[in-house]
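The values are calculated or read from the model by the stated rules, or taken from the named source; none is laboratory data. The structure displayed is predicted, hence computed values, not measured ones. So basically every Cβ, Gly included, is an ideal-geometry build from the backbone, and we count neighbours across all protein chains shown.
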C-alpha cells in the first residue's frame with residue numbers, strides 16, 4: 001500500500017504571495033491532518049479534515065486554510081506569506097480518528113519564504 | 001492549553017546500551033500518547049503509542065510507560081543500534097469535543113558504534 005504523498009517537496013516563494021500544498025493520504029484513510037515544523041516552534045498542529053469537513057483546528061491565523069476532497073486528498077493554502085512561514089509542512093493520514101489515532105506522516109513540503 | 005515537556009534534548013549512548021526519554025504533560029484530559037522517530041529528510045514515523053487506560057506497552061526493543069497520576073510517560077529503547085539514531089518526539093492528544101495534539105520538543109539520540 002502506498003504511503004502518504006505530498007507535493008511539491010520543495011517550494012520557494014516571496015513575501016506576500018500565496019501557496020497551495022497537496023497531500024494524498026493512504027488509500028482508505030479518511031482523516032488528514034496538517035502540521036508545521038520549524039526549529040524554533042517544533043511540531044505544531046494546524047488542522048484536521050475528515051469527510052471534507054474541518055474537524056479540528058490548532059492555533060494558527062486565518063491565513064492558513066485547507067480543504068479536503070471527496071477522495072480524501074487534501075490541500076493546504078497559506079495566503080499573504082510571511083518570512084516566519086518558512087517551515088516543513090507535514091501532512092498525516094489516519095483511518096478515522098485523527099490525532100487520537102495512528103497517524104502516518106508524509107515526507108513533507110519544505111517551504112522557503114524570501 | 002496542553003504543555004508537553006520532553007527531556008533530554010540530546011542523548012548519546014553506546015551501542016547496546018539502553019536509552020530513556022521522558023515527557024510530562026499538563027492536561028489531564030489527554031488520553032493518547034504516541035512516540036515518533038524522525039530521520040533526516042523524512043516525516044515522523046510512529047514507533048509506539050499508549051492510551052490512558054494502559055500503564056505499559058512493549059514492542060520488541062521499544063517500550064513506553066505511562067503514569068497518569070504524575071502526568072508523565074517515557075520511552076525506553078533497549079539494546080540500541082546505530083540505526084536507532086534519529087530525533088524522537090513524544091505527543092499528547094485528547095479525544096474530547098475538540099481534539100488537539102501537542103508535541104514535545106524532540107530528543108536527538110545518537111548511538112555510538
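Taking the stated definitions as given, is residue A:62 surrounded by fewer than 16 Cβ atoms within 10 Å (Cβ to Cβ), more than 11 Å from the chain's Cα centre (by Cα), in a helix (DSSP H, G or I) and more than 14 Å from chain B (Cβ to nearest Cβ)?
No: the conditions fail for residue A:62.
Mind counting the residues in segment A:37-53 that are crowded, with 21+ Cβ neighbours inside 10 Å and more than 11 Å from chain B (Cβ to nearest Cβ)?
1
Could you tell me which numbered condition residue B:79 fails, if it satisfies all but one of (1) modelled with pLDDT of 95 or more; (2) in contact with a strand residue (DSSP E or B) (Cβ under 9 Å, 6 or more places away or on another chain)?
Every listed condition holds for residue B:79 apart from (2).
Condition first: under 18 Å from residue A:93 (Cα atoms), within 14 Å of chain A (Cβ to nearest Cβ) and within 13 Å of the chain's Cα centre (by Cα). Can you find one or more residues in segment B:97-105 that meet it?
Looking for residues that are under 18 Å from residue A:93 (Cα atoms), within 14 Å of chain A (Cβ to nearest Cβ) and within 13 Å of the chain's Cα centre (by Cα), one finds at least one in segment B:97-105, hence yes.
Filter segment B:34-57 down to the residues that are assigned to a strand (DSSP E or B) and more than 10 Å from every other protein chain (Cβ to nearest Cβ) and list them by number.
Those that are assigned to a strand (DSSP E or B) and more than 10 Å from every other protein chain (Cβ to nearest Cβ): B:35, B:37, B:47, B:48, B:50, B:56, B:57.
Is it true that some residue in segment A:17-30 is free of Cβ contacts under 8 Å to residues at least 40 places away in the same chain and at positive phi?
no
Taking the condition of being more than 7 Å from chain B (Cβ to nearest Cβ) and part of a loop (DSSP other than H, G, I, E, B), how many residues in segment A:98-114 meet it?
Qualifying residue count, segment A:98-114: 2.
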